[in-house]
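First comes the structure, then the notes that go with it.
Laboratory data are not the source of any read-out in this text; all were calculated from the coordinates shown. Please read these numbers as outputs of a predicted model, since none were measured by experiment. Note that each Cβ is placed from the backbone with ideal geometry, even for glycine, and that neighbours are counted across all protein chains shown.
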Amino acid sequence: MIWDLHCHLSGVDGNTPDERIAQLMTYADRMGVDRLVFYMGYPFLVDPTPEQLAQQNDQVLQALTHWHDRAFGFTYVSAKYAEESLAEIDRCIANGPMVGIKLWVAAKCSDEQIDPIIKRCAELKAAIFQHTWYKVGGNLPGESTPADVARMAARHPETPLICGHTGGDWELGIRAVRGSPNVSIGIAGSDPCAGFVEMAVRELGPERVIYGSDIGGRSFASQLAKVTGAAVPEPAKRLILGQNLRRMLLPILREKGVRID
């Protein structure tokens, strides 16, 4: 069972959301990926306006139309626009089919302005994914690091959170969230370096590590290799490749009446 936490419609051939997701499903079939989580539409934007957030959420909603048996959606929101993001959460999650949120840049998650968004998602049992990175040349304005996620986690200790990309520099990222038991890490997006998954399992436990690809920015094959080639027990690989994400999404899926075999 392979569930992919981290999929995009950008960087993929196709003139419409329907064409793009169909292309990605062809690749997923080839690589044995069963279910996929999509967020953010296109074009790729660093600091989207509330209108652009809604437009990209509409693209993902359209892409999901014919793939509800295999695809889930996370609502694209921004802590920079908390009120508008709360409205999008209600539109797309409370009153729609989406099951989580994606937070990217524009405002750091260590800033308390994000807290109403986190609290609303906790009420809905929605998953919370926060992009993080450590950039050698300096992060983008408002771009969070795993240390920012740890500070957010301390304010919301009962709410499960996902630290996206593990900060890119995964050795720093793993250490930054090690003391935050409500934080899981997403391993998508960086190069498939030896030792990443092994260190994550050793320091966090396999239950806090979640596979994702970051397709179409990365390939399924390169990202699956991080897990399949890791020197960790097979039960740990099964947790990472699908069981952890399934467990995280199960509460909201049950709330929505979605049956998972």
Expressed in nm to one decimal, what extension gain is obtained for the pair M1 and I260 from 0.36 nm per residue of sequence separation less their Cα-Cα distance?
92.0 nm
Search the structure for amide H atoms under 5 Å from the amide H of I101, placed 1.01 Å from N in the peptide plane, and list their residues when 5 or more places away or on another chain.
T75, A127, I128, F129
Cross-link partners among lysines for K256, C-alpha distance below 23 Å, same-chain residues fewer than 8 apart left out?
K102, K119, K125
Below 8 Å between Cα atoms, with a sequence gap of 6+, how large is the relative contact order for the chain in percent?
18 percent
Enumerate the amide H contacts of H6 below 5 Å, restricted to partners 5 or more residues apart or on another chain; note that Pro and chain-start residues carry no placed amide H.
V37, S213, D214
Here the net charge surrounding I260, from other residues whose Cβ is less than 10 Å away from its Cβ (Lys, Arg +1; Asp, Glu -1), is +3
Taking the simple approach of a point 7 Å from Cα along Cα-to-Cβ for both D13 and V46, what is their distance in nm?
3.0 nm
Using R₀ = 22 Å, calculate the FRET efficiency as 1/(1 + (r/R₀)^6) where r is the Cβ-Cβ separation of K135 and E171; round to 0.05.
0.90
Please list the non-local residues whose amide H lies under 5 Å from the amide H of V209, H modeled 1.01 Å from N, same-chain partners needing a gap of 5 or more.
I185
If you compute log10 I(q)/I(0) by the Debye sum over Cα atoms at q = 0.10, 0.11 Å⁻¹ for the structure shown, which of (i) -0.49, -0.60; (ii) -0.43, -0.52; (iii) -0.63, -0.68 do you land on?
(ii)
